[in-house]
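What follows is one structure encoded as structure tokens, with my remarks underneath.
The values are calculated or read from the model by the stated rules, or taken from the named source; none is laboratory data. The structure presented is a predicted model; accordingly, all values stated were derived computationally and were not measured. Positions of Cβ are generated from backbone atoms using ideal geometry, with glycine treated the same way; all protein chains shown enter the neighbour counts. Note: accessible area is taken over every heavy atom of the protein model, side chains too, but ligands, DNA and RNA are not part of it. Shrake-Rupley method; radii C 1.70, N 1.55, O 1.52, S 1.80 Å.
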Amino acid sequence: MTNLQFPVEITIGSTKILLHSIMEPLAFFIGFRYFMFLRKRQGDVIHSENRVWILIGAIFGALLGSRLMGGLENVSALMQSANKFVYFYQNKTVLGGFLGGLLGVELIKKIIKEKHASGDLFTYPMILALIIGRIGCFSMGVYEETYGSPTTLPWGMHLGDSLLRHPVCLYEIIFLLLLWISLVQIEKKFTLQNGARFKLFLIGYCFFRFMLDFIKPTYTSILGLSTIQITSLLGVVYYYHYIINPKKLIENKVKIIMSPAPEHV
């Protein structure tokens, strides 16, 4: 279904560069610039100094969480590796980064005594950055472990080997676009609690990643589930009270649109 040659490379003069090597830093750069744009346009309930500390907590938490979950994804390979530290550093996962970043932020907020929810401003920039990053992951085909299992479905793709596979990176991009649109529509209809946008994003993403791993080559650990699926379930459990009672996310049930008062003649 695709004539792309994997991994996709960009030729600049006599030099060939992996597209993935370009898209990954581009995702961080564009995502951060979009965050700064939204913060300037919408304002921020959190003081600038505290926001900097929250960013630090998010970065370090995401770094540790992504490497920890990535390293634990294939426990047998971890045990066989000569250098465990290098193995953890070389393996990472986005979901572990999200949950690690969440814990890092919550820890920092307790230390600096920040009471306001801080995730809403991050939500759309994270979605945008993840979409850009997944384009890079797709460009690697089977040469990075973000490809899908073999499939006989008509949209299966050759991703660098002889098999037709689920293009799971494209599935994720479509899901993220639909999630972005859904969040915008929800916020048009409801006045959400501060922090609800981020919670809805992470709940939706955890459910999606849990289901996606059923059509990916994975290393099972507990009850036939992968480390990513177990991490997804931990994210769902963390927010379970909002899942069973979504009204907790709503400030006022429905936005009231006030019509302008009629002019007196």
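Things worth noting here:
- Out of SER149, SER162, one residue alone is surrounded by fewer than 20 Cβ atoms within 10 Å (Cβ to Cβ), free of Cβ contacts under 8 Å to residues at least 60 places away in the same chain, polar (S, T, N, Q) and outside the structural domain of THR93 (by the TED database). It is SER162.
- Just so you know, in the range 231-250 the residues that are more than 20 Å from LEU95 (Cα to Cα) and of a type in the set (A, V, I, L, M, F, W, C) include one that is surrounded by the most Cβ atoms within 10 Å (Cβ to Cβ), and it is LEU249.
For (1) within 30 Å of ILE230 (Cβ to Cβ); (2) among the small types (Gly, Ala, Ser); (3) open to solvent by less than 90 Å² (accessible area, probe 1.4 Å); (4) touching an Asp or Glu at 6+ places or on another chain (Cβ under 9 Å), each residue gets a yes or a no:
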{"position": "THR15", "(1), (2), (3), (4)": "no, no, yes, no"}
{"position": "MET23", "(1), (2), (3), (4)": "yes, no, yes, no"}
{"position": "GLU49", "(1), (2), (3), (4)": "no, no, no, no"}
{"position": "LEU63", "(1), (2), (3), (4)": "yes, no, yes, no"}
{"position": "SER66", "(1), (2), (3), (4)": "yes, yes, yes, no"}
{"position": "LEU72", "(1), (2), (3), (4)": "yes, no, yes, no"}
{"position": "ASN91", "(1), (2), (3), (4)": "yes, no, yes, yes"}
{"position": "LEU102", "(1), (2), (3), (4)": "yes, no, yes, no"}
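- Any hit, the range 145-152, residues being of a type in the set (D, E, K, R) and in a loop (DSSP other than H, G, I, E, B): yes
- For GLY141, the conditions (1) in contact (Cβ under 8 Å) with a residue 40 or more places away in the chain; (2) open to solvent by less than 50 Å² (accessible area, probe 1.4 Å); (3) at negative phi are fulfilled apart from (3).
- Check on ILE127, within 16 Å of the chain's Cα centre (by Cα) and modelled with pLDDT of 95 or more: yes
- Scanning the range 161-181 for residues that are assigned to a loop (DSSP other than H, G, I, E, B) and within 22 Å of SER226 (Cβ to Cβ) turns up ASP161, LEU163, HIS166, PRO167.
- Per-region count, the range 88-105, residues in a helix (DSSP H, G or I), touching a residue at least 40 places away in the same chain (Cβ under 8 Å) and not hydrophobic (A, V, I, L, M, F, W, C): 3
- Applying the criterion of being closer than 22 Å to PHE98 by Cα and surrounded by 15 or more Cβ atoms within 10 Å (Cβ to Cβ) to the residues of the range 188-198, the residue that is nearest to the chain's Cα centre (by Cα) is PHE198.
- Enumeration of residues in the range 106-119 that are part of a helix (DSSP H, G or I) and either open to solvent by less than 30 Å² (accessible area, probe 1.4 Å) or without any contact (Cβ under 8 Å) to a residue 60 or more places away in the chain (or both): GLU106, LEU107, ILE108, LYS109, LYS110, ILE111
- Residue count, the range 215-250 (criterion: closer than 17 Å to TYR205 by Cβ and part of a helix (DSSP H, G or I)): 18
- Residue ID - nearest to THR123 (Cα to Cα), chosen from residues in the range 28-87 that are of a type in the set (D, E, K, R) and outside any helix (DSSP H, G or I): ASP44
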